[in-house]
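Right, one structure below, let's go through it.
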Amino acid sequence: MSDTPLRSFPLTPVERTAKTHAILSVTGFLILLPIGALVARFIRTFSTRWWTAHSLIQLVISGPIIGVGWSFGHQTAQMLNMGHFIDTHQQTGLALLILYVAQLLLGI
């Protein structure tokens with residue numbers, strides 16, 4: 001077995017920023033938000049304190065992760081001299097962010 005890494009050269013700053021954006025966005029939107037919804041759905045049958053766990057996951061934990069992930073995506077677009085919100089990926093990300101903020105405002 002070889003001790004050499006799969007990729008022997010370092011990532012460029014743009015690639016690092018895009019990778020960080022991807023990791024944080026996936027963690028926030030696809031892992032933490034569904035966990036928060038499942039807590040609200042299933043824990044309420046066992047405890048009256050489900051709201052505390054749900055709000056901690058949805059706002060206190062997911063919020064900063066999603067915000068920083070969005071920021072890294074914005075930085076990536078700037079580093080690549082791309083326009084903002086011009087392709088499907090950027091527009092979908094903006095729509096998800098708006099829906100997340102609207103959900104928070106309506107839930108509080």
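The values are calculated or read from the model by the stated rules, or taken from the named source; none is laboratory data. All of these numbers come straight from a predicted model, not from anything done at the bench. FYI the Cβ positions are ideal-geometry reconstructions off the backbone, even for glycines, and counts take in every protein chain you see. Side chains included, ligands, DNA and RNA excluded: accessible areas come from the protein's heavy atoms. Shrake-Rupley method; radii C 1.70, N 1.55, O 1.52, S 1.80 Å.
Brief remarks follow.
- Burial ranking of peptide ranges 87-93, 64-70 (average Cβ count within 10 Å, highest at the top): 64-70, 87-93
- Summed over the residues of the chain and divided among them, the accessible surface reaches 72 Å² per residue at a probe radius of 1.4 Å.
- Förster radius 41 Å - calculated FRET efficiency between Phe9 and Ala37 (Cβ-Cβ, nearest 0.05): 0.50
- Here the chain exposes an accessible surface that is 70 percent carbon and sulfur, computed with a 1.4 Å probe and the other protein chains kept in place.
- Taking every alpha-carbon pair within the chain, the share separated by more than 20 Å comes to 51 percent.
- Signed unit charges on C-beta, dipole axis of the chain, positive-most listed residue Thr17, Ile98, Val39: Val39
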